[in-house]
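For reference, the structure is listed below as structure tokens.
The values are calculated or read from the model by the stated rules, or taken from the named source; none is laboratory data. This one's a predicted model, so the numbers in the text were calculated from it and none came from an experiment. Because the Cβ atoms are built from the backbone with ideal geometry, glycine has one as well, and the counts that use them run over all protein chains shown. Heads up: the accessible areas ignore ligands, DNA and RNA and are worked out on the full protein's heavy atoms, side chains in. Shrake-Rupley method; radii C 1.70, N 1.55, O 1.52, S 1.80 Å.
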Amino acid sequence: MMRLVDSRGSSCSRSTARRVSLWLGSALACSSVLASAQEATFAVQAKKVLTGTGEAIDSAVVLVENGKIRAVGAGLAIPAGWTVHQHDGVVMPGMIDLGATLGGSELLENHESLTPDLRVAEGLDLWDPSFAAWLGAGVTSVYVIPPTGSVIPGSGAVVKTAGAAAQRIVAAEAGLEIGLNAGARRRDRAPTSVQGTALALRDLFGSPEAQASVQRAKRGELAVFAHADGVGEVRLAAQLAKELGWKARLVGPALPDQALAIARGAAIPLVLRPLDYGAEERTRRSYGALGATPHPLGFASLAQGGAEPGLRRGAALAVRAGLDPAIALRALTGGAAAMLGLEARLGTIAPGRDADLVWLDGDPLDLGTRIVAVFVDGKRADRGAEGH
Amino acid sequence: MKRSTDPVGWSSSAARALQRAAAWIRAAAWISAAGCAPVLGSEHAFASPQEPTPPPAEQASAAPAAPAAARPNLFVQGARVLTGRGEELADADIAITGGRIRGVGDFQPPANSDAKVVDARGLTIVPGFVDAASDLLLEGEARGGRSGGSELELALSIDPFDDRPRLGALAAGVTSQALARAAQTVEQGLSSARKLAYPPREARAALGAPALNFRIGLGRDRASKERDLRGLISLFEGAEKYHGELEKYAKELKEYEEKKAEYDKKVEKEREKDKDKPEAEKTASKEKEPKKPREPKEDLGKAALFRALQGELPVVIQLEDELDVENALELRRKFGLKLSLRGLSRARAAVDAVAKAGVPVLLEVDAILPGKELTRTPTVARDLAKAFVDAGVEVAFVSGSRGRELAPHLVDLAAESVSRGVSRSAALRAITYGPARALGLERRVGSIAEGCDADLVAFDGDPFSSAARVRWVMVDGEIVYAADRMEGSAQR
Amino acid sequence: MLALFTLCFAALSFEALSLEAQGAAVPKLAEDPRSAASTDTRPILIQAGAVIDAKGQRFAPGSVLVKDGKILAVGSGLVAENAELREFGARAVVTPGLIEANAELEPLERAEEGVEITPRLRLADGLDPESRAWAGLRRNGVTSAFLSPSGRSVISGRGAVVKTMPTADDRWILDAAGALKATTGQEPSGGNIVPRFGRPNSIFYRRPTTRMGVTWEFRKAFSDAQLYAAARQAGGPLDPDAQVLADLMASKGEIRMRARLLQDIRTAIRLAEEFGLRLVIEEGIESFRSPEEILAAKAKLIYGPTLFQPAGIVFGFGFGGGSVRQQETDRNYLATPARLHAAGVEFALGSAEYAASDRGLAHQAAIAVHFGLPREVALRACTVVPATWLGIDKRVGTLEVGKDADLVVWSGEPFELATRPVAVMVDGAFADAQED
């Protein structure tokens, strides 16, 4: 529950506050609230702050100045004149979806299978309604990728789900997408097989005339997001990463515990697709078997548009299956930012980071927990999409 | 076949099953007489001689696992108990006799008794979850398809060879479940409920609760909805007519039998008279032989429909939007059906009408979490479940037509409904007491209260917390699933 | 090495084990680091009615002692004090694990259909340890297999030799760059079409569309490679595909050609001769028609599969049946292995796309025996011969001390139609019965 406190620090009477909060519940989008929340400089006092690094601070204050986090901690002094929000719940960093196709249907060039120089950032519709849906679910940054369908469909971009248009694209070329999974192959276009895919990739990365993005990936400047489903594909991904010098991330393995065994040896971070209701028992057990692994993890909805990313549900169901909650939470926030190389801006609540914050009424990994508010760059951005 | 004594045509196995079920309901009435009202916190001394009157013997045999000895032989001790009806008890004990709950409160097992004790300190115990409509147990063909008919007994379509879905749901705390399907047809068939702890064809699995299932609103336009309604009305009217014919036939048959007896007697008498006459002089009887009435063609579907009209058989109607609800309530008014509604994913505008009618609703995932899959559909209301709860409707969350996927996640669905505004206690009720009431089984399952079956699920935390896991599941006083045991065997 | 072995003995106190008595082979360790890896696991003693070591010895009753994935001893009445005993009864017979010399699994996933000539493709890159095929192979008693690339291309790349029990690491892959595979006959041209309507925008609008076209593609690839090799020596640019073929010719390497009908077998022999390659014929269904040609060409023959099918269906002759020619084809078809043996041709058995099915190697060998092939020849054709040809005979193929503990326990005399494998051991571990 969010309660407003007078900007000079003298709190309103309890009943007034309650009335205000009731009123807020029914009309969150109301302009006067927004007016006060629109200021990108404020302090928030919360019952608990999860910083995204695995740390939880009780009764903490987060200071947000001009859209950036100035400080976080218990018992911080609030500068005079600052607006103070009280939040009787949890504040966490905005979540990061490590792979979703949002922003239009025109993101796959179908003619050829290897098109590394195509950039999603250049075909993107920032006003696709799915961004708002992701925002409402507490996802403030999305690594937007071309849909599965080619071996190299292009490079992905990190995009904020809200904010000023000029600042929404955080990284225009954040990673090279490579599909080793069945979805990337087609029977009527070479390569049609796994080993053909391997050969095509070896040829491409071995060629001195390869495209700029391939050269960057070869030098390890551009992360490679290798989509692999079965264990055989995971093995191949690890092998190619070693051979071709990729800074690789392994995306979407069907059985994460088996993928972990391979990825651990090759020191490749794992990006998991969120569990959903209906996952097979074997899959659930495989997610649970990750336990409290210290291996870097992230989550990617791998959705193509849609009404919700299902990231928080997926993480919660994985926790139900046995994944350590702290690990799951890190995978949704700080861990994911590190995988994008954007840990200096996203994923944690720490001085200097973007003030992308999610307010919840309870533990973020409990299915019953509601998102109360979402802030992007210090500005209230949600219209109560997930809650009310 | 002795059809003359069977005027409603109860001769097929389906019909017999119905009769059995009806008999069961009557037999189970003793529970209601004894009452399974919660005796919360009362400090029963079970060693005291004051024992509740045991049920009459012949009725007790009808209900499975009825208490033979009155003394509790099992104590679950020291748990946090959520009764399913909204009460929460810290550090409570549950006393169990012969698979039935004898009380919830503060108990000590009497000294030198051989009662078993289950230490449940640190655990949260909730009633076994009740899934009031699910296709989990049905074989593939029966779950959907186009064939239908009110004479179809869904229990006959249970897949007896695949035990994994059942055990999976049981391990997730679902202990009771009613059958349901989602076929592309109006008459979906006759459902019944069973306990998931036992192989579905075993007698002890049967929980009764037979109900006739219908589906309307398959077409989205007004005209086809109207057609569905008229079709259903004429179905029920046909059943009435059929019953009338049967009654008429029974009456005519009785008259015929009387007349025939009279005729036979007269003919006999004439014969007696003509006995000595030579053959040529015998006169033919002047009496006219009565004609046997024609028996109406047997129709089990209509027979079942008629039982629904009599209020003996509850009716579940699966539907989608407010217009369907209007039609369903119209049917109820017209025929006095004992109705519950299933689906309602786009029936936000009909919440008040449902509440006013006092009809329970069975909500599937698209109504519990609307907008999870649909995009940009203006009629989707994200707070549908909350609206029903707030309006005072008895709500049950069901896995419905996606039983294989969702039955193991019933508790997760309930937990997620909390994020859509449903209160925690209402969410728990919607998978325990709510569905039990919707099925008319509230005196046996769905709550932790005296007289109810000892179907319990123990979590090692709050059941809605992701970090909590099912530690064990108890059905009729027996532990049927234990996580420790399973984890050991699951290791490869 | 010998010292190491004695050390094992001392540690395990095998006093009761007397090797001389059973006439078992002299202990000799293969050069595999795993054998010395750990010595604290319990040995397994397998006892059965008979043990056939595929080297000409039969021990009845027989036992095999296995430890750390290797065979410690083979003989009669072995005793080992702390060993885990596995008794299979007096009827059971133990043989070496079979070696499937020609397994073609999941054709679609193994085929690269975009191009005809793909010599650099390696089937090992597409291996799926999770596939059900491994269990299917094990059900046939197969413990090692040559996985042959699909026949949908003219030159379709390198096969792989694997054990049929995948491991988490790459240990189970014995040879990731096996022989180069080529295909003659109809198959590579099967899916290709001549554009008749619309734009020719499918990858299947291409040559070859006939047998002759297939041969032409093969010959062109290798003649181009010859030209390339000359140009390359003169400082020309690198063409990695042609390089593979040039290297193969330079080293007089091995080419595996699938050839079924006699004309295809002859084509294969001719092509191998033309380019100086050593020939392995896969399938060779009509090889019975001219065994002398195969002998003269010194080609290795991997014969099979044999299928019980009514006359006329097998090669697409139509369903008419009944002509003398068809009846002959049918009769001789089933007895081909026996006829090849009589003609003095040494061959291995293979079951191609049926390798992981009920008609896999165990069934193929049973048919061969049923139609006249001596049992010991059939066993050699499934063990020693393919092991030698695949270059893995130092590790597998016979039951010998120091070799990999790959073996099959049969329900009775092997290769009887009513006999089946009851247990399969790969590298000293029995396959999970539930999974199989």
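A few points about this structure:
- Residues of segment A:188-206 classified as open to solvent by 20 Å² or more (accessible area, probe 1.4 Å) and more than 7 Å from chain C (Cβ to nearest Cβ), total: 5
- Residue list for segment B:237-260, filter: of a type in the set (A, V, I, L, M) and over 16 Å from B:R294 (Cβ atoms): B:A239
- Filtered by the rule that a residue be away from chain B (no Cβ under 13 Å) and either free of Cβ contacts under 8 Å to residues at least 24 places away in the same chain or within 18 Å of the chain's Cα centre (by Cα) (or both), segment A:359-379 gives A:W359, A:A373, A:V374, A:F375, A:V376, A:D377, A:G378.
- The listed residue being acidic (D, E), assigned by TED's automatic domain parsing to the domain that holds A:A254 and surrounded by 24 or more Cβ atoms within 10 Å (Cβ to Cβ), out of A:E209, A:E177: A:E177
- Residues in segment C:69-97 that are open to solvent by 10 Å² or more (accessible area, probe 1.4 Å) and hydroxyl-bearing (S, T, Y): C:S76 only.
- Every residue from segment C:266-284 that is touching a residue at least 40 places away in the same chain (Cβ under 8 Å), within 21 Å of C:L390 (Cα to Cα) and aliphatic (A, V, I, L, M): C:A268, C:V280
Table: residues versus (1) under 21 Å from C:R171 (Cβ atoms); (2) modelled with pLDDT under 90; (3) within 29 Å of the chain's Cα centre (by Cα).
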residue	(1), (2), (3)
C:F14	no, yes, no
C:L29	yes, yes, yes
C:S35	yes, yes, yes
C:K70	yes, no, yes
C:E84	no, no, no
C:F88	no, no, yes
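- With respect to (1) part of a helix (DSSP H, G or I); (2) open to solvent by 50 Å² or more (accessible area, probe 1.4 Å); (3) more than 24 Å from C:R120 (Cβ to Cβ), the lone exception for A:S105 is condition (1).
- Hits in segment C:388-405 - residues which are over 27 Å from C:E254 (Cα atoms) and either open to solvent by 10 Å² or more (accessible area, probe 1.4 Å) or in a helix (DSSP H, G or I) (or both): C:E400, C:V401
- Among the residues of segment C:221-268, those identified as of a type in the set (A, V, I, L, M) and open to solvent by less than 20 Å² (accessible area, probe 1.4 Å) are C:A221, C:A225, C:A242, C:L245, C:A246, C:L248, C:I255, C:M257, C:A259, C:I265, C:A268.
- Qualifying residue in segment C:426-433 (condition: buried (at least 21 other Cβ atoms within 10 Å of the Cβ), assigned by TED's automatic domain parsing to the domain that holds C:D68 and under 26 Å from C:L301 (Cβ atoms)): no
- Among (1) part of a strand (DSSP E or B); (2) surrounded by fewer than 24 Cβ atoms within 10 Å (Cβ to Cβ) - the single one B:V359 does not satisfy: (1)
- Within segment C:151-171, being crowded, with 19+ Cβ neighbours inside 10 Å and either over 18 Å from C:D241 (Cβ atoms) or free of Cβ contacts under 8 Å to residues at least 12 places away in the same chain (or both) holds for C:G151, C:A160, C:V161, C:V162, C:K163, C:T164, C:M165, C:P166.
- Of the strands (runs of 3 or more DSSP E) lying entirely inside segment B:93-188, the ones with 3 or more residues being at pLDDT 95 or above are found at B:124-127, B:129-134, B:174-179.
- Tallying residues that are under 21 Å from A:E233 (Cα atoms) and either among the β-branched types (V, I, T) or within 11 Å of another protein chain (Cβ to nearest Cβ) (or both) within segment C:120-146 yields 12.
- Residue in segment B:460-480 that is within 20 Å of B:D93 (Cα to Cα), buried (at least 24 other Cβ atoms within 10 Å of the Cβ) and within 14 Å of chain A (Cβ to nearest Cβ) present: yes
- Residue in segment A:149-164 that is open to solvent by 40 Å² or more (accessible area, probe 1.4 Å) and not hydroxyl-bearing (S, T, Y) present: yes
- Flag if B:E450 is more than 11 Å from chain A (Cβ to nearest Cβ) and more than 19 Å from the chain's Cα centre (by Cα): yes
- Selected residue [farther than 19 Å from C:D125 by Cβ, away from chain C (no Cβ under 14 Å) and part of a strand (DSSP E or B)] from A:A133, A:A174: A:A174
- Of the residues in segment B:425-435, none is of a type in the set (F, W, Y) and within 11 Å of chain A (Cβ to nearest Cβ).
- Of note, C:E100 satisfies the criterion of being crowded, with 22+ Cβ neighbours inside 10 Å, away from every other protein chain (no Cβ under 14 Å) and charged (D, E, K, R).
- Picking from residues in segment B:403-419 that are at the interface with chain A (Cβ under 7 Å from one of its Cβ atoms) and open to solvent by 10 Å² or more (accessible area, probe 1.4 Å), the one that is nearest to A:A316 (Cα to Cα) is B:E416.
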